[in-house]
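Notes follow once the structure below has been shown.
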Amino acid sequence: MTETLPRQDGVAAASHPRVAILFQRFGPYHVARLRAAAQKMPVIGIEMSATDRTYAWAAEPCEDLARLVVSPDIDAEPMPRLFSKVAQALDRAHPDAVAIAGWSHPAALAALFWCGLRGIPAILMCDSAEADAVRRGWRERIKRRVVSLFASALVGGKPHRRYLSRLGMSQDAVFDGYDVVANDHFAAGAERARADAGATRARHALPRRPFFLMSSRMIAKKNLFVVLDAYRVYRAKAGPEAWDLLILGDGRLMPALREAVCRAGLTGQVHLPGFRQYAELPDFYGLAGAFILASAVEQWGLVVNEAMAAGLPVIVSNRCGCREDLVQSGGNGFAFEPGDPAQLARFMQIVAGDPVLAGAMASAGQRLIAEWGPGRFAANLHAAVEHAMAARRRPGLLALAMTGLLMLRREPPDD
């Protein structure tokens, strides 16, 4: 087990509970949240795995944080060693409360099981909504048992609050602000990019004019081919004034996407520069004209937070979890039906064709997202911890036994 446990100055341990915050792996978003939370209460970040199979983030410097790493690769750990390692980390952290990201991974269930055995309040951190998947009755009944072991929750926003209520959690135990980014990183970085636009453009080989930006893994649910269809329609209507389209990211659909771009005759207008690290992202946001997230399914969509912080209008699928809280249609952008490329094309044309409207939307988005930064995560996690500590209760034995069985079988309910 890797550990870094520096003394945390500026937080009165006597007046605040000591909170362990568990994430699968620390990316830049998690580190920003942990730093903000550490200003509110004594915090120990527990990173389940030093690597993951989804995101190619560079290792994030976090020497200033109290941190434990459970395993080099948690998915490779056999049972019961996985539970043993999670338990050792939590024993070492000695928390008064534990905030756990999700309930679908065996490591998260192991942490929840540990809390039940020790009588330590558990706080659920999640952004699952009912619309994310087809919900089957028997699975929902299992999830209700698992959710009953959490004393409170920190969720993304309104749709996630409704789903937890459906799963039996009291509304007064649910707080929002889980899905936030370091707004200042994107706002300041985008401003620097605009101030030195020529150098930024040359460094990344960006188009000479504003462009539509996407930042996405190249997987089916991101709806990339619908965006390409919409862009083709938009470009035919906009003519020589049309903006280019730039899609950041990589994944298994990249070859098929490149082929589709070539087949549509858009090789010079659709740019696919691949995956870029966190430090580079503000350059792309800074010179873009608008941002698109077209996912057919998306629990939240942190890229929308990034784009709004950077000062961009956003055109967002109505299937994205952030839409209800962050997208005011006609105010800071538009929401569209992800299966309707003509509707997306129409919104692209409106934003690109009216600089005054686009500027007003960008400003409105920055004002809105200012309320959804790491400070919101920290304040509402603190409130969730206080609620959990006040509501301390014995876990239901059936729910605890079911959680242990799910963990051991590595067949947890989906989020």
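What number of residues in the range 258-281 are among the aliphatic types (A, V, I, L, M) and either surrounded by fewer than 20 Cβ atoms within 10 Å (Cβ to Cβ) or under 14 Å from residue 352 (Cα atoms) (or both)?
Looking only at that region, the number is 5.
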Tally, over the range 221-244, of residues that are closer than 29 Å to residue 131 by Cβ and either touching a residue at least 40 places away in the same chain (Cβ under 8 Å) or charged (D, E, K, R) (or both): 13
Pairs returned, first residue in the range 30-46 that is touching a residue at least 12 places away in the same chain (Cβ under 8 Å), second residue that is buried (at least 20 other Cβ atoms within 10 Å of the Cβ) and in a loop (DSSP other than H, G, I, E, B), beta-carbon separation under 6 angstrom, 6 or more apart or interchain, are 32/182; 34/65; 44/66; 45/65
Under 8 Å by Cβ, and 6 or more places apart or on different chains, what pairs join a residue from the range 266-290 that is touching a residue at least 24 places away in the same chain (Cβ under 8 Å) with one that is among the polar types (S, T, N, Q) and part of a strand (DSSP E or B)? 281/215; 284/215
Candidates 250, 283, filtered to the one that is acidic (Asp, Glu) and out of contact with any His (no Cβ under 7 Å at 6 or more places or on another chain): 250
Looking only at the range 10-46, which residues are of a type outside the set (Lys, Arg), part of a loop (DSSP other than H, G, I, E, B) and either under 17 Å from residue 180 (Cα atoms) or modelled with pLDDT under 95 (or both)? 10, 11, 12, 13, 14, 15, 16, 17, 24, 26, 27, 39
Cβ contacts < 6 Å: first residue modelled with pLDDT of 70 or more, restricted to the range 56-72; second residue assigned to a strand (DSSP E or B) and of a type outside the set (D, E, K, R), any location; separation 6+ or different chain. Result? 65/45; 66/44; 67/4; 67/45; 68/46; 69/2; 70/48; 71/49
Number of the exception - residue 156 against (1) outside the structural domain of residue 362 (by TED's automatic domain parsing); (2) farther than 26 Å from residue 363 by Cα; (3) touching a strand residue (DSSP E or B) at 6+ places or on another chain (Cβ under 8 Å): (2)
Does the range 61-93 hold any residues that are within 25 Å of the chain's Cα centre (by Cα) and of a type in the set (Lys, Arg), and which are they? 67
Suppose we filter the range 96-110 for residues that are buried (at least 22 other Cβ atoms within 10 Å of the Cβ), over 21 Å from the mean Cα position of the chain (by Cα) and at pLDDT 95 or above; how many remain? 1
If you check residue 381 against the conditions, is it in the same structural domain as residue 31 (by TED's automatic domain parsing), of a type in the set (A, V, I, L, M), buried (at least 22 other Cβ atoms within 10 Å of the Cβ) and within 27 Å of the chain's Cα centre (by Cα)? yes
In the range 130-221, which helices (runs of 4 or more DSSP H) lie fully inside it and hold 2 or more residues that are surrounded by fewer than 16 Cβ atoms within 10 Å (Cβ to Cβ) and among the small types (Gly, Ala, Ser)? 183-195, 197-204
When residue 233 is evaluated against the numbered criteria (1) closer than 12 Å to residue 215 by Cα; (2) touching a Pro at 6+ places or on another chain (Cβ under 9 Å); (3) β-branched (Val, Ile, Thr), which criterion, by number, is the only one it fails? (1)
Out of the residues in the range 279-320 that are acidic (Asp, Glu) and touching a strand residue (DSSP E or B) at 6+ places or on another chain (Cβ under 8 Å), which is nearest to residue 186 (Cα to Cα)? 306
Are any residues in the range 73-102 touching a residue at least 60 places away in the same chain (Cβ under 8 Å) and either closer than 17 Å to residue 381 by Cβ or among the polar types (S, T, N, Q) (or both), and if so, which ones? 88, 93, 95, 96, 97, 98, 99, 100, 101, 102
Can you tell me how many residues within the range 253-267 are under 21 Å from residue 217 (Cβ atoms) and either β-branched (Val, Ile, Thr) or at pLDDT below 95 (or both)? 1
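The values are calculated or read from the model by the stated rules, or taken from the named source; none is laboratory data. None of the values given here were measured: they were computed from a predicted structure. Neighbour counts run over all protein chains shown; Cβ positions are idealised from the backbone, glycine included.
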